[in-house]
Amino acid sequence: MRSSIITLLTDFGLKDSYVASMKGVILRINPQSTLIDITHQVSAHHIEEAAFVLASAYSTFPKGTIHLSVVDPGVGSSRKPVLLVTQNYFFIGPDNGLFTLATKKEKVKQAVALTNRKFFLSQVSATFHGRDIFAPVAAYLSLGVEPKAFGKRIESWATIPFPEPTFKEGKLVGEIIHVDGFGNLVSNIDQQQLSQFSKGCSFVVRTGGRTIQGLRKGYWEGKKNELISLFGSGGFLEVSIREGNAQKKLKAKKGDPVQIKFL
C-alpha cells in the first residue's frame with residue numbers, strides 16, 4: 001500500500017537552504033504528503049554512515065513509506081539515480097551503495113534507473129539532484145505514479161562492503177562502525193554473533209586500550225562516568241559512558257578495533 005509519508009536523510013546539515021528546498025519541491029507537487037526527517041547530520045560525503053543510520057530507522061515506519069536519502073559525493077557524474085522497490089518500502093537516492101544495509105533486510109522486487117525527465121524539475125542542476133530529481137520523483141511516487149513510469153528497469157545496483165567480525169585466537173574481533181550523538185561507540189558485533197561464539201562463557205570487551213567486564217542491561221546499570229558495554233537499540237554491541245562521552249574519553253574513531261576475549 002502506497003503511503004504519503006516521505007522520510008529524508010542527508011548530509012546537508014541545517015545551516016543552508018538545501019533541506020528546505022527539497023521539502024518545498026515535494027510539497028508543491030503533493031501538499032498532502034507527510035515529511036519526516038531521519039537526520040541531516042550525516043558526516044559529509046560519508047555513504048557508509050548514511051547506510052547504517054538508514055538501516056537503523058527505515059523499518060520503524062509504516063509499510064509503503066518512501067525513504068528519500070541523499071549522501072551523494074558523486075552528484076553529476078555517471079552514477080545513476082535510482083528507485084528501489086521492496087516488499088515493504090520505497091528507497092530513492094543515488095546508486096552509490098547507500099541502500100546496501102537496508103536491502104540486506106528488504107527483498108528488492110523492482111529497481112528503476114530514474115531517466116524520465118517528465119518527473120524532474122525543468123532545470124536540473126549538476127550539483128543538486130536532491131532537489132531537482134529525487135524530491136520530485138518522491139512526490140510523484142507518493143501521488144500514486146507507478147515505479148516503472150520513472151525510467152528503465154535495472155537488474156543490479158551498487159553495494160559497498162561492510163566489515164564483518166572475525167574470530168581468531170580465542171577472540172571475537174570487530175570494529176567501531178558508528179559514533180552517535182552521545183559519543184556512544186557502536187560496533188559491528190550483534191547479539192547473535194556474540195551468543196554464537198560465547199556459548200555461555202564470561203568475557204571482557206576491550207577497545208581504546210581499556211578493558212570492560214561483561215555487559216550491562218542498560219545505561220542505568222553503570223555508575224556516572226563509568227565505561228560500560230551493552231547492546232544498544234539497534235542490536236549492536238556498544239561501548240558507552242553513563243552521562244559521559246566514550247568517544248572523547250577514549251579518543252576513538254570509526255574503524256578502531258573492538259575485541260571480545262572469552263575467559
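Restricting segment 136-169 to residues that are modelled with pLDDT under 95 and touching a strand residue (DSSP E or B) at 6+ places or on another chain (Cβ under 6 Å), which is nearest to residue 125 (Cα to Cα)? Per the stated criteria, the residue is 163. Residue count for segment 203-253 satisfying the condition of being touching a strand residue (DSSP E or B) at 6+ places or on another chain (Cβ under 6 Å) and of a type in the set (Gly, Ala, Ser): 7. Restricting attention to segment 95-122 and to residues that are out of contact with any Phe, Trp or Tyr (no Cβ under 8 Å at 6 or more places or on another chain) and part of a loop (DSSP other than H, G, I, E, B), the residue that is surrounded by the fewest Cβ atoms within 10 Å (Cβ to Cβ) turns out to be 122.
Which number in (1) under 26 Å from residue 16 (Cα atoms); (2) assigned to a loop (DSSP other than H, G, I, E, B) marks the one condition that residue 92 misses? Status for residue 92: all satisfied but (2).
Looking across segment 123-170 at every residue that is surrounded by 15 or more Cβ atoms within 10 Å (Cβ to Cβ) and hydroxyl-bearing (Ser, Thr, Tyr), the one that is farthest from residue 17 (Cα to Cα) is identified as 159. Looking only at segment 216-223, decide whether some residue is part of a loop (DSSP other than H, G, I, E, B), at pLDDT 90 or above and not basic (Lys, Arg). Yes: one or more hits.
Close contacts from segment 185-214, counting a first residue that is among the polar types (S, T, N, Q) and a second that is modelled with pLDDT of 90 or more and in a helix (DSSP H, G or I), with Cβ to Cβ under 8 Å and a gap of 6+ residues or different chains, come to 207/250. The test for being within 20 Å of residue 8 (Cα to Cα) and without any contact (Cβ under 8 Å) to a residue 12 or more places away in the chain does not hold for residue 145. Selection of first residues in segment 2-26 that are touching a residue at least 12 places away in the same chain (Cβ under 8 Å) and of second residues that are among the aromatic types (Phe, Trp, Tyr) and assigned to a helix (DSSP H, G or I), restricted to Cβ pairs under 6 Å at least 6 apart or on distinct chains, gives the following pairs, ordered by first then second residue: 12/18. Cβ-Cβ contacts under 8 Å between residues 6 or more apart (or on different chains), taken from a first residue in segment 57-69 that is basic (Lys, Arg) to a second residue that is not in a strand (DSSP E or B), are listed as 63/1; 63/3; 63/88; 63/89. Among the residues making up segment 80-110, those that are in contact with a helix residue (DSSP H, G or I) (Cβ under 9 Å, 6 or more places away or on another chain) and aliphatic (A, V, I, L, M) are 83, 84, 85, 92, 98, 101, 102.
The values are calculated or read from the model by the stated rules, or taken from the named source; none is laboratory data. In this text, all values refer to a predicted model and were calculated from it rather than measured experimentally. Glycine also receives a Cβ, built like all others from the backbone with ideal geometry; neighbour counts cover every protein chain displayed.
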